[in-house]
Amino acid sequence: GGSFRPNPGAGTPAAEGTPTPGGGAAYLLTLEGHPGGTVYFSDRPARVFGEAPTRDFLDGLGFSPANPPNAALVAQTEDGDDVVVLELLDPAYDADAGTVTYGAEVLAEYAGEGLAHVAERQAGAAPPEAFGRASLFIDDCPDLTGCFIHEVGDVRIWYLPDGPVGMCWSWSSFACSPCNGNSVDYYTDLCNATFGECADKGCHAG
């Protein structure tokens, strides 16, 4: 089961060195009874599936504020399955409690392909604050689209030179990396070489 509640820290700046819960997103999505493993799968052209340790999966997928991953939550309610499409931010996994918490923003429209078969069932509103059994389907690795700096209470973003860059999931390292064979560090260096403020403060590609 789980909950979907307004985030008390939504839109508020973080104190220096203190992260804002859920990355300051409008909602906090909490999933309970998590067994510690995340199933991954692909369709065409290669039909690959397996299970990754959830902590490794969350670290490897990347939750960049420049381009957070999309996901579809399918939750059981008294009226049947409730579907909502979300952007996910700043996950927190508690292995002892068996919970995963995400910052979440509701997407009224979804233009991708990976979740299209689920998104077409979306009612458009947020799910109930508490729900029963649920599945969270996270879309493919988000593209690299920007160069960003984390500052106190703010994130500054520039468009990535030569972007967007497609990212592919690595079954061996449980991480997203550029499909073209370059590394994320390559694009981080490109950000810092292109934008003066990045060179001064240090940007990350995301």
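Karplus-derived 3J(HN,Hα) values for region 72-77, using 6.51 cos²θ - 1.76 cosθ + 1.60 with θ = phi - 60°, are 10, 9, 10, 10, 7, 10 Hz; glycine and proline are entered as x. A Cβ-based charge dipole, computed about the Cα centre of region 136-206 with Lys and Arg at +1 and Asp and Glu at -1, lands at about 60 debye.
What net charge do the residues around Asn7 carry, taking every other residue with its C-beta under 14 Å from that of Asn7, with Lys and Arg at +1 and Asp and Glu at -1? Charge balance near Asn7 sits at -3.
Heavy-atom accessible surface of Glu129, to the nearest 10 Å², is about 100 Å², with a 1.4 Å probe and all protein chains retained. Segment Val155..Ala130, full-extension length gain: 5.9 nm, with 0.36 nm per residue of separation and the alpha-carbon distance subtracted.
Taking other residues whose beta carbon is less than 14 angstrom from the beta carbon of Tyr187, and scoring Lys, Arg as +1 and Asp, Glu as -1, yields -4. The fraction of accessible area contributed by carbon and sulfur in the chain is 49 percent, rounded to a whole number (1.4 Å probe; ligands and nucleic acids excluded). Coupling constants for region 186-203 follow from the phi torsions by the Karplus curve (6.51 cos²θ - 1.76 cosθ + 1.60, θ = phi - 60°), and in residue order they are 4, 6, 5, 4, 5, 4, 6, 7, 8, 10, x, 5, 5, 4, 6, 10, x, 9 Hz; glycine and proline get x. The C-alpha radius of gyration of the chain, expressed as a fraction of 2.2 N^0.38 Å, stands at 1.04.
Computed from label points 7 Å out along Cα-Cβ, the spacing between Trp171 and Glu109 is 3.6 nm. Computed over protein heavy atoms with a 1.4 Å probe, the accessible surface of the chain works out to 55 Å² per residue. With the simple model of a label 7 Å out from the Cα in the direction of the Cβ, Tyr186 to Lys201 spans 2.8 nm.
In terms of its Cα atoms, region 141-206 spans 35, 24, 16 Å along the principal axes, sorted from long to short.
The values are calculated or read from the model by the stated rules, or taken from the named source; none is laboratory data. From a predicted model like this one, the values you see are computed outputs, not experimental measurements. Cβ atoms come from the backbone with ideal geometry, glycine included; neighbour counts cover every protein chain shown. In case anyone asks, the SASA skips ligands and DNA or RNA and just uses the protein heavy atoms, side chains included. Shrake-Rupley method; radii C 1.70, N 1.55, O 1.52, S 1.80 Å.
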